[in-house]
1. Local charge sum around Gly36 (other residues, Cβ-Cβ under 9 Å, Lys/Arg +1, Asp/Glu -1)?
2. Work out how much length Tyr103 to Leu248 would gain on full extension: take 0.36 nm times their residue separation and subtract the Cα-Cα distance, in nm to one decimal.
3. Quick one: compute the contact order of the chain, relative version, from alpha carbon pairs under 8 angstrom and 6+ residues apart, as a percent.
4. Which order do Met167, Met113, Met250 fall in if you start with the one that has the fewest other Cβ atoms within 10 Å?
5. With all distinct Cα pairs included, what does the Kirkwood hydrodynamic radius of segment 135-258 come out to in Å, to one decimal, could you say?
6. Can you give the FRET efficiency to the nearest 0.05 for Ala238 and His192, using r as the Cβ-Cβ distance and R₀ = 25 Å?
7. With angles folded into 0 to 90 degrees, how steeply does helix 40-62 sit against the dominant principal axis of the chain? Use alpha carbons for both and round to 10.
8. Starting with the fewest neighbours, write out Asp148, Asp114, Asp26 ranked by other beta-carbon atoms found within 10 Å of each beta-carbon.
Amino acid sequence: MDFLFSPEALSSLLTLTFLEIILGIDNIVFISIVVGKLPEHKRKRATHIGLILALVLRIALLFAISWLVAMRTPLFYINTEHISASINGQSLILFAGGLFLLYKSTKEIHEKMDHSGEQSEKIAQKSGNTFYRVLIQILLIDAVFSVDSILTAVGMTNGLDGALWIMITAVVISILVMLLFAHPVSKFVHQHPSLQILGLSFLLLIGFMLLAEGAHLSHLEVMQQSVGAIPKGYLYFAIAFSLLVEFLNMRFRKKKSI
């Protein structure tokens, strides 16, 4: 394991760990929103189980990198007068994940805006079954975020000695950090309804990003125009800026109420 302590490996490990934590924000936001369906005393447990599932999935995918890379092989082609694409396994996973996020986020926003009281009553009546439904939803989206995370990690460590162990170490460290902060973040979000709507809006953005990434991986062309991937830096800048504005609004409302 001496290769982990070389300057190049340490630099890659630190960079990849930081990136994994940033990418993990998507997962924490989704888990925070979904566990809100549960009674308060069950939320911490569901959050921890969700992140542990993410860790298991990512490590499993790292040991199956050859299979994941092979998913770039086209499964079928679309060739029409205006649209052409070569659909592969990776793009199908991202398409499915993007559509799921769009559906889930839109549904949650609708419930919070129009049927919050009625929905809360139904949740309380079905709390015994909700825990397992929440875990299934977390497991599904963990799979999508894990694929996106691993593809990024593979690109960053390509050609390095011991790349697999560097990626595993980065994933373990990032999940441990998220386990430490996920519940406080989730609790803070649920104490501020405006942050819940903002978080759901972020998930809508992430859903569109996954759809664009899937289209990019399938080399989709519409009217002879290629669909490019959305740079993640733009997305996270938009999220960070929106959070800053919301925190300023919260501080302003607090001062105004004094």
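Where a number appears in this text, it was derived from the coordinates with a stated rule and is not lab data. No experiment lies behind these values; they were computed from the predicted model shown. Every residue, glycine among them, receives a Cβ derived from its backbone with ideal geometry; neighbour counts consider all protein chains shown.
1. +1
2. Gain on stretching Tyr103 to Leu248: 49.2 nm.
3. Worked out over the chain, it gives 36 percent.
4. Placing the least packed residue first, the sequence is Met113, Met250, Met167.
5. 17.5 Å
6. With R0 = 25 Å, the Cβ-Cβ based efficiency is 0.80.
7. Long axis of 40-62 versus the principal axis of the chain: about 0 degrees.
8. Going from sparsest to densest Cβ surroundings: Asp114, Asp148, Asp26.
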